[in-house]
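The values are calculated or read from the model by the stated rules, or taken from the named source; none is laboratory data. Worth saying up front: this structure is predicted, and the values here are computed from it rather than measured. Heads up, the Cβs are rebuilt from the backbone with ideal geometry, glycines too, and the neighbour counts pull from every protein chain shown. These accessible areas exclude ligands, DNA and RNA; they are computed on the full protein's heavy atoms, side chains included. Shrake-Rupley method; radii C 1.70, N 1.55, O 1.52, S 1.80 Å.
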Amino acid sequence: MNADDHSAKLEDFTGELGAMPSAPRNPPFFQKTDWLSFGATTLLALMVYLLTTLGPSVGLDNSGIYSTGAMYGGVPDTPGYPLWTLWAGIFTKLLPFSNIAWRAAVSSAVAGALVCGLIALIVSRVGAAILERMREKRRLQPSEEKWLQVVCGYAAGMIFGLNGAFWSQAVTVEVWPLSILLLCLVLCLFLRWHFQPESKRYLYAAALVYGLLLTNSQIELAFAPAIPFLAMMGNLKIGRDMFLTACLMFVAQFCGYWPNYLNLFSNYGREEYFIFMLSGAMVGLMSIGLVIKKHRAFTEWKPILVCIGLFLLGLSVYFYTPIASMTNPPVNWAYPRTVEGFSHLITRGQFEKLNMTAHIGIFLEQAQLYFVTTGKEFGWFFLPLCVVPFCFLHRMAAEVRWWILGLLPVYVCLAFLILAALNPAADRQSQDLYKVYFSASYVVLALWMGCGLIIFGSWLAKPGKPLEATHFPI
């Protein structure tokens, strides 16, 4: 039989069988249920912000400076807030009605609503993975489980969006809502990479967004020590090499190889020196332990270099400020078109240097202040639900378990490292001033609380015949 006859017979055979079914495509990571939770939460949060307490005009604090900077594309305040200036400037140009301050306040409301939506999206997706692997006889129907994800995601997003520390920022001309939006986006990208570690583009995107975040809020530098832990939970080798890179940076700074304006020893005092040394010791121990465990080092140096490059690319948005300064806008803080002015701007030169908490006794009092403020602003009723996911870790898939545990160092950094850096006093004025920054840690609390609601809702299901698990991609 020649080749032509063989091909003809093969065609006849396949024609009788019909077309071969194509291989099913991988379903998207975020399902329709997750996007429904995101969309509903974002829309309702935006309606609450716009229709209730949105600032009608110029308010107190830096509202006037920020509004003017957004309108004219200037440099409103240290450290320049270039990303927020561009973000709010879009709203001042596109919205054809009302005053400039109101338009800039709308940008805060939109950013705040997107924060609520992202929290709902993450809770819904993680909740699907939790329900997939829960080995219980008490199970809801698949459609009911999807509605449980939507409702719990919405609850987590709205509880965060309506807490007193964040709500006040989302209805006025402020930069903080955009900062929290970028923080949530970093966590969302880490979640996406965590469930699919071989797809490193989400890790790279997280590095880029974190660089953008630091151009809008330098206090979020406190989030940096948690990043190697998050990476380690997703990929042990990449986490190890991140710790090793951080260890090398610590040694370089300790030996004085960095410029003076980046050297902690020349800029700060005894308390900062102690925290710096303690952090360096922790990073060194983690590096040694992971190298011993994996018996190798820097096998993932290429992804680390890409992350560093994209992080610096995000930070390069700061170079917008000298360009804007050259146009001589009405608000031209520190005159950053010069080298001295640019350095003065991004290092917050006109403010007092960092004065971290000096004594453990004072820090314990401040921690008590933080917990009281958290219970008041976030809600005492919701805090016990944050503990529920940790009680069911043994029943979760490994990816979900490590993700929930990976949020622990994030919470510690956003709550207690920021607390030590702010060093708030015990008076009422300090509490009202600094509670805004505590809301960054409330993001993690909202994520834990949403997962706790999903577990609690599943546990309350009526006993019945065990159902096959719904097939959500893990």
Inset, instruction - Please work out which residue is nearest to V331 (Cα to Cα), limiting yourself to region 14-39 and to residues that are modelled with pLDDT of 80 or more and open to solvent by less than 40 Å² (accessible area, probe 1.4 Å). - result: G39
Legend entry - Yes/no for T338 being of a type in the set (S, T, Y), free of Cβ contacts under 8 Å to residues at least 24 places away in the same chain and either more than 27 Å from N235 (Cβ to Cβ) or surrounded by 12 or more Cβ atoms within 10 Å (Cβ to Cβ) (or both): yes
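With region 72-183 as the region, which helices (runs of 4 or more DSSP H) entirely inside it contain at least 2 residues that are acidic (D, E)?
142-161
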Inset, instruction - Take the residues in region 209-237 that are surrounded by 22 or more Cβ atoms within 10 Å (Cβ to Cβ) and without any contact (Cβ under 8 Å) to a residue 60 or more places away in the chain, then tell me which one is farthest from L189 (Cα to Cα). - result: S217
Inset, instruction - Check R240 against each of (1) modelled with pLDDT of 70 or more; (2) among the basic types (K, R); (3) surrounded by fewer than 19 Cβ atoms within 10 Å (Cβ to Cβ) and name the one condition it does not meet. - result: (3)
Legend entry - Selection within region 320-354 - closer than 24 Å to A421 by Cβ and of a type outside the set (S, T, N, Q): W333, A334, F342, H344, L345, I346, R348, G349, F351, E352, K353, L354
Inset, instruction - Name the single residue, out of those in region 341-352 being more than 19 Å from A222 (Cα to Cα) and not aromatic (F, W, Y), that is surrounded by the fewest Cβ atoms within 10 Å (Cβ to Cβ). - result: Q350
Inset, instruction - Working only within region 57-76, note down all residues that are open to solvent by less than 50 Å² (accessible area, probe 1.4 Å) and modelled with pLDDT under 85. - result: G59, N62, S63, G64
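Can you pull out the residues in region 353-387 that are among the β-branched types (V, I, T), open to solvent by 30 Å² or more (accessible area, probe 1.4 Å) and over 21 Å from the mean Cα position of the chain (by Cα)? Walk me through how you get there before you give the answer.
Pass one, region 353-387, residues among the β-branched types (V, I, T): 357, 360, 362, 372-374, 387.
Now drop any that are not open to solvent by 30 Å² or more (accessible area, probe 1.4 Å), which leaves 360, 362, 372, 387.
Result: I360, I362, V372.
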Inset, instruction - Give region 309-335 a look and list any residue that's of a type in the set (S, T, N, Q), assigned to a helix (DSSP H, G or I) and crowded, with 19+ Cβ neighbours inside 10 Å, or say none. - result: T321, S325
